[in-house]
Amino acid sequence: MVNRRFERLISDAAALNPQRMIEARRRLKRRFLTQRANAKSRDIVWRLSFDQWCAWWIETGHIDERGRERGQWVMARPFDSGPYEIGNLVCLRAENNV
């Protein structure tokens, strides 16, 4: 269901302005790859596809407010345990993820 919602959002936006959508998707892909690489460098298992990652962020309502600075939102794991995967994620303010 979430993936269909994401795909519909992508196709609707692309129909309005295809070039902007391509650029936005490219920026999101870079952010996804960076977060995945950071998890790998910390020896944390990553089990999210790009589409799952995007859908999760869209569902939180904070996709445009994500980041590591105070007041921004992060993808966190409860008690910092387990892999990054659907079902083991919470959305927290960066300052609360310590």
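The values are calculated or read from the model by the stated rules, or taken from the named source; none is laboratory data. Remember, predicted model here, so these are calculated numbers, not experimental data. Cβ: placed from backbone, ideal geometry, glycine included. Neighbour counts: every protein chain shown. The protein model used for the area step is the full one, side chains on, heavy atoms only, and it has no ligands, DNA or RNA in it. Shrake-Rupley method; radii C 1.70, N 1.55, O 1.52, S 1.80 Å.
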Six or more apart or on different chains, Cβ under 6 Å: which pairs go from a residue in the stretch 37-52 that's under 14 Å from Glu85 (Cβ atoms) and in contact (Cβ under 8 Å) with a residue 24 or more places away in the chain to one that's open to solvent by 70 Å² or more (accessible area, probe 1.4 Å) and charged (D, E, K, R)? Could you list them?
Trp46/Arg36
Residues (in a helix (DSSP H, G or I) and open to solvent by 50 Å² or more (accessible area, probe 1.4 Å)) located in the stretch 28-42
Lys29, Arg30, Arg31, Leu33, Thr34, Arg36, Ala37, Asn38, Lys40, Ser41
Is it fair to say Cys91 is surrounded by 15 or more Cβ atoms within 10 Å (Cβ to Cβ), touching a Phe, Trp or Tyr at 6+ places or on another chain (Cβ under 8 Å) and modelled with pLDDT of 95 or more?
yes
Restricting the stretch 9-27 to residues that are modelled with pLDDT of 75 or more and surrounded by 14 or more Cβ atoms within 10 Å (Cβ to Cβ), the one farthest from Gln52 (Cα to Cα) turns out to be Ala24
Complete set of residues in the stretch 43-61 that are in a helix (DSSP H, G or I) and touching a helix residue (DSSP H, G or I) at 6+ places or on another chain (Cβ under 7 Å):
Phe50, Asp51, Trp53, Cys54, Ala55, Trp57, Ile58, Glu59
